[in-house]
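Worksheet: the structure to be examined is printed underneath.
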Amino acid sequence: MAQLETGGDQGNSKQKKMNARVDFTPMVDMIMLLVTFFMLCTTLLKPQTMEIAMPSDKEDLKDEDKSQVKASEAITVIIDENNTIYYFEGKPGEDVALTPTQYGSEGIRKVLLTKNARAMAQVEALKKEYSTKEVNEKTKAEYKEKLSEIRNGKKIGADGKAIPTPTVVIKPSDKASYKNLIDVLDEMQICNIGKYVIDNFTDDDQALVDAAKGGAQ
């Protein structure tokens, strides 16, 4: 700030300039407080992993030691260019032939719902059971745990055995669009598929696609 310094003669008054000095130390403290606030209030996203059990080829294993997923419960979905999608059931082999389908309720969703029919019935029964219960943290946790058991094939049926659920292997080709992959992942949630994985698209997969395209012509 500038101040006026008055001498003996009013006509000869002069202004005395003073250098303004701003202390930024409080600003540093405030920034540190803001950084600490955001660090404490920010929710960090934890990486999500998906458990998957693939069929075992070893014949000498006991039933309890074999993989939980049988070949008959496996389904492979291949995503290709131009919104083209194929699937086949069982383990890959020389006699595998791709079946073309489409996106949506009349395509791959219908295939997955049929494959996962028993688990879907269990999910509907679970929803009905908890629809009359009070919504609180305890019931939410219970519902989430039971839903996970159904989706992952850990729900025990009336026969004392686990209700089987399919294992879906998703293979997008290099020409597939990101949107198509997201659409297939959405179908996993809609159809309550708990065991699925995104796998590499191999030369053998390309040969299957080429054969399917050749057969369609």
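As a summary of the residue check, residue 181 satisfies the conditions (1) at pLDDT below 90; (2) touching a strand residue (DSSP E or B) at 6+ places or on another chain (Cβ under 6 Å) except for the one numbered (1). Against the list (1) assigned to a loop (DSSP other than H, G, I, E, B); (2) surrounded by 11 or more Cβ atoms within 10 Å (Cβ to Cβ); (3) of a type in the set (Gly, Ala, Ser), the condition residue 93 fails is (2).
With respect to the conditions (1) hydrophobic (A, V, I, L, M, F, W, C); (2) under 16 Å from residue 111 (Cα atoms); (3) free of Cβ contacts under 8 Å to residues at least 40 places away in the same chain, residue 190 lacks only one, and its number is (3).
In the set 214, 157, only one residue is closer than 21 Å to residue 72 by Cβ and among the small types (Gly, Ala, Ser); that residue is 157. Among the residues examined, residue 174 does not qualify as surrounded by 10 or more Cβ atoms within 10 Å (Cβ to Cβ), charged (D, E, K, R) and in contact (Cβ under 8 Å) with a residue 12 or more places away in the chain. When restricted to residues that are on the phi < 0 side of the Ramachandran plot and exposed (fewer than 15 other Cβ atoms within 10 Å of the Cβ), the range 71-90 contains 2. Sub-8 Å Cβ pairs linking a first residue in the range 203-217 that is more than 10 Å from residue 97 (Cα to Cα) and surrounded by 10 or more Cβ atoms within 10 Å (Cβ to Cβ) to a second residue that is modelled with pLDDT of 90 or more and not hydrophobic (A, V, I, L, M, F, W, C), at least 6 apart or interchain, are 205/171; 205/173; 206/173, ordered by first then second residue. Here the range 108-164 is the region considered, the condition is being surrounded by 11 or more Cβ atoms within 10 Å (Cβ to Cβ) and of a type in the set (Val, Ile, Thr), and the residue that is farthest from residue 88 (Cα to Cα) is 139. Filter the range 81-126 down to residues that are in contact with a strand residue (DSSP E or B) (Cβ under 9 Å, 6 or more places away or on another chain) and among the hydroxyl-bearing types (Ser, Thr, Tyr) and give me whichever is farthest from residue 205 (Cα to Cα). This residue is 103.
The values are calculated or read from the model by the stated rules, or taken from the named source; none is laboratory data. The structure presented is a predicted model; accordingly, all values stated were derived computationally and were not measured. All Cβ positions, even for glycine, are placed from backbone atoms using ideal geometry, and neighbour counts span all protein chains on display.
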